1. Could you tell me whether any residue of the range B:88-100 is touching a residue at least 40 places away in the same chain (Cβ under 8 Å), loosely packed, with under 15 Cβ neighbours inside 10 Å, part of a loop (DSSP other than H, G, I, E, B) and out of contact with any His (no Cβ under 9 Å at 6 or more places or on another chain)?
2. Please find, within the range A:8-54, the residue that is nearest to A:D230 (Cα to Cα) out of those that are outside any loop (DSSP other than H, G, I, E, B) and of a type in the set (K, R).
3. Restricting attention to helices (runs of 4 or more DSSP H) lying wholly within the range A:294-385, give those where 1 or more residues are over 21 Å from A:L283 (Cα atoms) and out of contact with any Cys (no Cβ under 6 Å at 6 or more places or on another chain).
4. Considering the range A:332-365 alone, what residues qualify as being of a type in the set (D, E, K, R), buried (at least 18 other Cβ atoms within 10 Å of the Cβ) and either closer than 29 Å to B:F31 by Cα or without any contact (Cβ under 8 Å) to a residue 40 or more places away in the chain (or both)?
5. Can we say B:E100 is acidic (D, E), at pLDDT below 95 and more than 30 Å from A:A219 (Cβ to Cβ)?
6. So is A:Q185 within 14 Å of chain B (Cβ to nearest Cβ) and either part of a helix (DSSP H, G or I) or modelled with pLDDT of 95 or more (or both) or not?
7. Could you tell me which residue of the range A:7-18 is surrounded by the fewest Cβ atoms within 10 Å (Cβ to Cβ), considering only residues that are in contact with a Phe, Trp or Tyr (Cβ under 8 Å, 6 or more places away or on another chain) and more than 9 Å from chain B (Cβ to nearest Cβ)?
8. Looking only at residues in the range A:253-264 that are part of a helix (DSSP H, G or I) and under 19 Å from A:I56 (Cβ atoms), which one is farthest from the other protein chains (Cβ to nearest Cβ)?
Amino acid sequence: MKVLKKLVNVLDRVQKPSRYIGGEYNSVQKKKSKVDLCLVFPDLYDIGMSHFGMAILYDIVNSSSFARCERAYLPWVDMQELMRKEDIPLYSLESYRPLKEFDVVGFTLQYEMSYPNVLRALRLSNIPIHTEERNDSHPLIIAGGPCTVNFAPLEKFIDAFLVGDGEEAILEMLKAVMNGKNRVQKLENLSKINGVYVPHYNKKVSKRVLPTMLKAPTAQIVPYTNVVHDRGVVEILRGCTHGCRFCQAGMIYRPVRERSVEEIEKTSKEIIRRTGYEEISLLSLSSADHSQIRELMSSLKKLRDISISIPSTRVDALSVDLANAVSGVRKSGITLAPEAGSQRLRDVINKGITEEQIFDALAHAKDSGWTRVKLYFMLGLPTERDEDVIAIGEMLQKVKLMGFKNVSATLGVFVPKAHTPFQFAPQIAPSQAYRRYKLIGWAHKYAKINFTDPRKALIEGVLSRGDEKIGEVVEEAEKRDLIFADWNEMFNPDEWMKIFEEKEVDLEHLMAEKNFDEQFAWDKIDVGISKKYLWLEYRRAMNGILTQDCRDGCTGCGVCQRFNVKNVLMGKESPRIRSLDSLVKDVEGDDN
Amino acid sequence: MLRYLSHLETMKMIDRLLRRTGIELKQTEGFHQRIKISFAQAVPTGIIDLAGLFVVTTFEAINHEYIKTANELSPNGFEIVKIEKKCEKFKLSKFVEGYEFKLLFLEKPLDLPFDVEKKNGIWIARIFRSFNSSVPKNGEYGQFLTIRSKVVTREVQVDKSTCGR
């Protein structure tokens, strides 16, 4: 317990020491294990504890007969400084063991700005950051999470990537490490697992898909610290069928797999019993889409003393009904995401809602007593013209004139993402973003408008579409303390720009429009959606043609055939799967 | 390690523990109902608290079985040691006179405004602070550990709010 002794000297001198002590109710200290995993969320405990993926894997690994899972998070800068001074390595919260002593250290890659944090965590653990510098005395470093759909920038640092659903693969990976006598054998074993990519051992990888959801974790860890989302979580469905063309999550998490109302209710009750939480969140990409959502809400309302929260940004009356159901008498704000100001642009991005539907929903909200509205938009969507931006302002004006007390809007700069139809689209430069933002300066009198820093979007664009060479940028960023880049107080865009220049990053090419024959860094990663489909969708976007929600009819993206899966909808039959070629034949005259 | 929880964090931890025990407890009024818990004076983060007190209202009588249940559902490092029934007019401020603190020193402290005794190689000072007065801060006198060790209750009843104890 060397670490523990040293910790006591240090915890009096840092902010929020409770996030460094572990020992939370429901944290697991397993006595015996043949292989030890430490899962690391590369950001503060306050953020990482709200990440549900770790809770799922934690439960699965600790319930297994042979493996043990502990957790670590990146300490804040004041703690990092003291840890360096007092020679305290990064340690796990369950047993205060240095990460270096684990068999496997696993990172979850949730957003690109966390990449320098990953390297900082390795450094704080005294683990060499480059794969070729590691030997049998070091743990295997693995990574999972949505950013693995383009893991190229991190190939120099991570021993094995897991793409897709981790529930089954994680145990297979741990077994592979357990059965390997040395580092080379372990890497070889890992490379044979479906969904795993080991640099230099594999040439390509296909994502791992669970055909149906498995049992949900109920003994969720109850943090002492005030974390961002401090409530029980039930994942009610995974995946999304809308097909919004900008959305990476909607593409890579296909197909949809719902949990039944009975299971959700049972799980919720169990979570309440085992945690003492006063609120449960129904998690998914778009919870209002659950085919039995109304039944679900009325069944959960019967639970005593518990409030339900439902993150949902679907812009229609159903969303408002749901918001009503969850908030009871107390109504704070209602959030909707039109994404684009004009109908033309909404059609381009395939956000299948009309102006009429938006204002119907808002009228319904106002009648129900909501006085505060928050709206999300993006700037820089493909084919955007000045009149589309001005339309955002006009919408805000209309909303305010409906009589809402507070109207606020958040404008983010669009970042084209890998494996989406818009991976071919250009990204606008910060200067262009500022120019367009100024077009609605007049709308400030109707709504409080938050404009997220376009330079953040630029960096995100480089990291999310970059190739292996971008690893040099990440390495340099960590050296220059560009950690916690997602935190405004730590964000230093000028330094990032300097690094782009020094490393000769071809910003022009990265931000430009691409053709179908462009070789992407992520072409070797197969998430089941054919590149042909994505290109077809891109062309349809250019012509403002809508593509239907695939729960209403298959659109031929390919994921279900590729992995022999289908949408699992509790409330209805899943439509027949069709091949892209047969669909294309049906729709003669589609521009290609 | 629970001494590194702030007072707010400690209160939240107890709130959730009580919810886990499953018994019905009186709630606060208003829109956002929570369990009605009254806490006695807080200690600053970093001080070991062996004398924490809080008051709740139940709808049924509870006994020592409840202590056992609650402690089984508690996180490591937290324990309920005693439950006492009080009448409705009970007021913590009239019940508690103050607290005893123990300050632990690794080396013999000089020029302290109070006595120290040596025990097992460590010097210990015992001081009393009255209810709601200032609490010795960690390191304030050069001590390496501060413990709030005991509740000191009023000997003489001032009025009915001590419930005839």
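The values are calculated or read from the model by the stated rules, or taken from the named source; none is laboratory data. What you are looking at is a predicted structure, and each value in this text was computed from that prediction instead of being measured. Cβ atoms come from the backbone with ideal geometry, glycine included; neighbour counts cover every protein chain shown.
1. Yes, the range B:88-100 contains a residue that is touching a residue at least 40 places away in the same chain (Cβ under 8 Å), loosely packed, with under 15 Cβ neighbours inside 10 Å, part of a loop (DSSP other than H, G, I, E, B) and out of contact with any His (no Cβ under 9 Å at 6 or more places or on another chain).
2. A:R19
3. Because the criterion is at least 1 residues that are over 21 Å from A:L283 (Cα atoms) and out of contact with any Cys (no Cβ under 6 Å at 6 or more places or on another chain), the helices (runs of 4 or more DSSP H) in the range A:294-385 that meet it are A:343-348, A:355-367.
4. Taking the range A:332-365 as the starting set, the residues that turn out to be of a type in the set (D, E, K, R) are A:339, A:344, A:346-347, A:351, A:355-356, A:360.
Those still in the list that are buried (at least 18 other Cβ atoms within 10 Å of the Cβ) too: A:339, A:346-347, A:351.
Hit for the range A:332-365 is A:R346, nothing else.
5. Numbers: acidic (D, E): yes; at pLDDT below 95: no; more than 30 Å from A:A219 (Cβ to Cβ): yes.
For B:E100, the condition - acidic (D, E), at pLDDT below 95 and more than 30 Å from A:A219 (Cβ to Cβ) - is not met.
6. Here the answer is no, as A:Q185 does not meet what is asked.
7. Taking the candidates together, the pick is A:Q15.
8. Of all residues in the range A:253-264, those part of a helix (DSSP H, G or I) come to A:261-264.
Still in the running and under 19 Å from A:I56 (Cβ atoms): A:263-264.
Values: A:E263: 22, A:I264: 20 Å.
Selected residue: A:E263.
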